[in-house]
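FYI, it's all coordinate maths here, none of it is from the lab. Small disclaimer: the values here were computed from a predicted structure and weren't measured. When we count neighbours, we look across all protein chains shown, and the Cβ atoms used for this are built from the backbone with ideal geometry, even at glycine.
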Amino acid sequence: MRESLDLSFAATLESMATVAERRAECSHPAGSGNVFADLNLPEADDLLAKAELAAKIIAEIQRRRLTQSQAATILGIDQPKVSALKQGRLSGFSIERPMRLLLVLGRDIEITVKGRTRSKSPARLHVA
């Protein structure tokens, strides 16, 4: 029994080493942390902020175990807009609208304005 466990453990270690080698061989660039910027989309920071805000709205809806219809009633929007939020179709939403929806859900929003961290980098928008 002990020998079979040792062999199984050895096989697992060998498999892990193979995976590590394959990862090391991959030559794709590391992401920036903003998929929209990585895809060279215009206003990438705004797109990421809207997506992160939408995720927070959906998380609150799920935490409360609301149906889309119930959420729509609370938020004062129609059910298709809730569906659009859940599906990440955010082109019909301004950056302010998801913030207002979070306020309706009783979530506080804090906006901090500060200097850039690196003088040559562009200023950025971040949702925490």
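What the table shows:
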{"item": "Gap separating the Cα centres of the stretch 46-60 and the stretch 70-128, nearest whole Å", "result": "5 Å"}
{"item": "GLN62 paired with ALA30, simple spin-label distance in nm, labels 7 Å along Cα-to-beta-carbon", "result": "2.8 nm"}
{"item": "Linear extension gain, SER94 paired with LYS120, 0.36 nm per residue minus alpha-carbon span", "result": "6.5 nm"}
